[in-house]
Amino acid sequence: MPKATLTISSKNYSSWCLRGWLICKLGGLDFEEAVVSLDDANARAELLLLSPSFLVPCLTHDGAKVWDTLAIGEYVAEEKPEACLLPADRAARAHCRAICGEMHSGFANLRSALPMNLKAHHPGFRVWAGAQADIDRIVAIWSQCFATYGGPYLFGKALTLADAMYAPVVARLLTYDVPLNRECAAYCRAIMKWPAMAEWVMDAKAEPADIEELDMEF
């Protein structure tokens, strides 16, 4: 029986739940899922960015309860050091934490203008200027990582916490048909081929529940 439970909401819409789930998978944590219904008012508020705090995903493990995605990442990294969620090199580890923190606290325009929706696809989507600035910053972060660590992932040949944190951005960029340079497009393909990511997407597309506010026609 799994020692851990990860409470999540929608697999189709929740980028934070995806991050927490990928972190647990990357860490090799034995966990079971507990799904909060989309009929729950708090869950809907979080998905619609109307809640000031995000209480899912929430990891319960061995007497600990952790409900912040970045905190989940640090917790799993401590519990499963052999999984190497953070780079071994001190400077690279600091860099990884910095860009994870930037993803955690920033990019509000991207979140609101390009909501996560794995069932949708919007070819030729027109990105407004505020969101484009966020996209440009993400491309700059990725490009610096590729130049420094050589790819194919953000910190070299192995997936890290940073890839889990940026994976929902990959999904958003593909949903809204955002043009990317060759390196970033290759990175997106690599993330989508990640077996854990592919499993989540398959489950998301089979999810019956919909939120009309996030299924609008663009």
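Taking every DSSP bridge with both residues inside the chain, close to 60 percent are antiparallel.
Taking amide H as placed 1.01 Å from N in the peptide plane, residue 4 has its amide H under 5 Å from the amide H of 32, each at least 5 places away in sequence or on another chain. Just add up the charged neighbours of residue 186: K/R +1, D/E -1, any other residue whose Cβ is under 15 Å from the Cβ of residue 186. With Lys, Arg at +1 and Asp, Glu at -1, the net is +2. This model, with +1 at the C-beta of Lys and Arg and -1 at the C-beta of Asp and Glu, gives the chain a dipole about its Cα centre of some 740 debye.
Mind running the shape call on the chain? Use the C-alpha gyration tensor, a ≥ b ≥ c as the square roots of the eigenvalues: rounded below 1.5 for a/c, prolate if a/b tops b/c, oblate otherwise. Since a/c reaches 1.5 but b/c is at least a/b, the shape of the chain is classed as oblate.
What helices does the chain have that are whole DSSP H segments, at least 24 Å long along their own axis by Cα, and with mean Kyte-Doolittle hydropathy of -1.0 or more? Taking the DSSP H segments of the chain (at least 24 Å long, mean hydropathy at least -1.0), we get 129-149. Pick out, from 16, 162, 36, the residue whose Cα sits farthest towards the positive end of the charge dipole of the chain, with +1 on the Cβ of Lys and Arg and -1 on the Cβ of Asp and Glu. With unit charges placed on the Cβ atoms, the residue in question is 162. Our helix-only sum for the chain, with -39,500 (n - 2.57) per DSSP H run of n ≥ 4 divided by its residues, gives a mean residue ellipticity at 222 nm of -16500 deg cm²/dmol.
Read the figures in this text as sums done on the coordinates, not as results from a lab. Since we're looking at a predicted model, the values are computed, not measured. Quick reminder, even Gly has a Cβ in these numbers, built from the backbone with ideal geometry, and neighbours come from all protein chains shown.
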